[in-house]
Amino acid sequence: MDINNKKSWDVIVIGGGVIGCAVTRKFTLMGAKTLLLERGGDILSGASKANSALLHTGFDATPGSLELECMQDGYREFIEIKDKMNLPILETGALVVAWNDEQLSKLQGIVEQAHTNNVLDVTIIDKEELYRREPHLAQGALAAVSVPGEAVIDPWSTPLSYLTQAVKHGAEYRFHCEVKNGVLTDEMWCLSTSKGAFSARLVINCAGINGDIVESICHPSPFQIKPRKGQFLVYDKAAAADINAIILPVPTAITKGVLLSKTIFGNLLLGPTAEEQEDRWKAEVKQEVLQDLIDQGSRMLPSLHNYSVTATYAGLRPATEEKYYRINDYPEKQWLCAGGIRSTGLTSALGVANYLGKLYSENFTPLFELSPPQALIWPTMPIISEYHQRDYQCKSNGGIVCHCELVTQREIEATFDSDIPPECLGALRRRTRVMMGRCNGFYCSSQVAEIINGRFDHTLAVEALK
């Protein structure tokens, strides 16, 4: 996107993770002139690029919490709009499996909490039914809680669709644009960034792992980000056939534990870990931790020994000193904050956006004129789900470039004609799955380079792969 001379906006959203994309969409569709600023080279450059990609019902959330409200509102709206934007969903359901008597004793409490949260189809199933559904599970399971509404979605195309719809209605964005400071003068925020100054009547902090630093621009931050690293293993696609539902452990007071799940891209996912660290930006993969993950996964699903791990990744969750969402409004400072959105952000994003919109409408003196669109434009997102029809199955696709992930030349070229074209190699990979298979681009990288042909800076491409 070209940077024009426009420097003043109704709303500036800081942070291009899934929350920032959803909030940009919400305020744009409310009728505000909205700008998204992201310090990375693409959306999802921070915590949002590495998650378990689950759509949660909220069955195990704290009853009465804002997190539960936002999750269930976000779930509802996603189901309502997914077909309009061609977003895939894999309706697997989930099973919370008890492997010992202590865990078995907790199952009834999980069901009661789910029912309190109005997730009424949650039930206990006995071990015979469990093994009928999941015959490859290790022996020794005693029973499970069945949660039919849990599902798997596309973690990359979904937030991209939110921002794409916003852009189609006039929103703009800037990548590689780090917000460094700001001042509120005469009812206008002026933000200093690495790409110059931008002004807006309202600022919304959706900066994720950097949320407390951004919050300190407005006032001393009421929360502190304590990065929590989660490491994941991705198994070869054949492994996904060995489970049908998302396999969850019975949570403890300390952790929810690791899960097994299909991915929308046809693989099997194992993770995450939960490790506290100081560094906000480096999410290093550690071999000894991954080996422990493999051991945990194999105890639940012994057939994992038969499959190769094709990828590993780690992400940082923007945890705070408190478990709950840190969503607040400051009308006198023309500022909204969505902080501490941790592992449930993909599900809750639309709900968080709706809640922020409600806070603005109810608590702020109108700061700008709202001109909502009379008719909505619904972008049709390309399907990169393994469980839906792909472009390689269609005619005139230019041929398959990436044979591991079956990505066509047409799919790659189409991204550069989209509303939010990739500006780095990491962005291209998330939009198409190219170079994300078991060979990690060994066989297709030269052809990909020919197609890219100088469309973005090579140094940014290298940076995006780190």
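Only one of the numbered conditions (1) part of a loop (DSSP other than H, G, I, E, B); (2) within 23 Å of the chain's Cα centre (by Cα); (3) at pLDDT 95 or above is violated by residue 257, and that is (3). Restricting attention to the range 349-378, which residues are among the hydrophobic types (A, V, I, L, M, F, W, C), closer than 19 Å to residue 336 by Cβ and either part of a loop (DSSP other than H, G, I, E, B) or not assigned by the TED database to the domain that holds residue 330 (or both)? Matches in the range 349-378: 364, 367, 368, 370. When restricted to residues that are modelled with pLDDT of 95 or more and open to solvent by less than 10 Å² (accessible area, probe 1.4 Å), the range 414-426 contains 2. Taking residues in the range 288-303 that are over 16 Å from residue 275 (Cβ atoms) and in contact (Cβ under 8 Å) with a residue 24 or more places away in the chain, and partners anywhere that are in a helix (DSSP H, G or I) and of a type in the set (Phe, Trp, Tyr), not one pair has Cβ atoms closer than 7 Å while being at least 6 places apart or on different chains.
To keep it simple, each residue is scored yes or no on (1) modelled with pLDDT of 95 or more; (2) open to solvent by 70 Å² or more (accessible area, probe 1.4 Å); (3) under 19 Å from the mean Cα position of the chain (by Cα).
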position	(1), (2), (3)
356	yes, no, yes
394	yes, no, no
409	yes, no, no
428	yes, no, yes
437	no, no, no
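Results for (1) touching a Pro at 6+ places or on another chain (Cβ under 7 Å); (2) in contact (Cβ under 8 Å) with a residue 40 or more places away in the chain; (3) open to solvent by 20 Å² or more (accessible area, probe 1.4 Å), shown as yes or no for each residue.
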| position | (1), (2), (3) |
| --- | --- |
| 320 | no, yes, no |
| 330 | no, yes, yes |
| 338 | no, yes, no |
| 345 | no, yes, no |
| 373 | no, yes, yes |
| 399 | no, no, yes |
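The C-beta contact set for the range 352-371 (first residue of a type in the set (Asp, Glu), second residue at pLDDT 95 or above and surrounded by 14 or more Cβ atoms within 10 Å (Cβ to Cβ), distance under 8 angstrom, 6+ apart or interchain) comprises 369/31.
The values are calculated or read from the model by the stated rules, or taken from the named source; none is laboratory data. Everything numeric here is computed off the predicted structure, so don't read it as measured data. Cβ atoms come from the backbone with ideal geometry, glycine included; neighbour counts cover every protein chain shown. We work out accessible area using only protein heavy atoms, side chains counted, and drop any ligands, DNA or RNA first. Shrake-Rupley method; radii C 1.70, N 1.55, O 1.52, S 1.80 Å.
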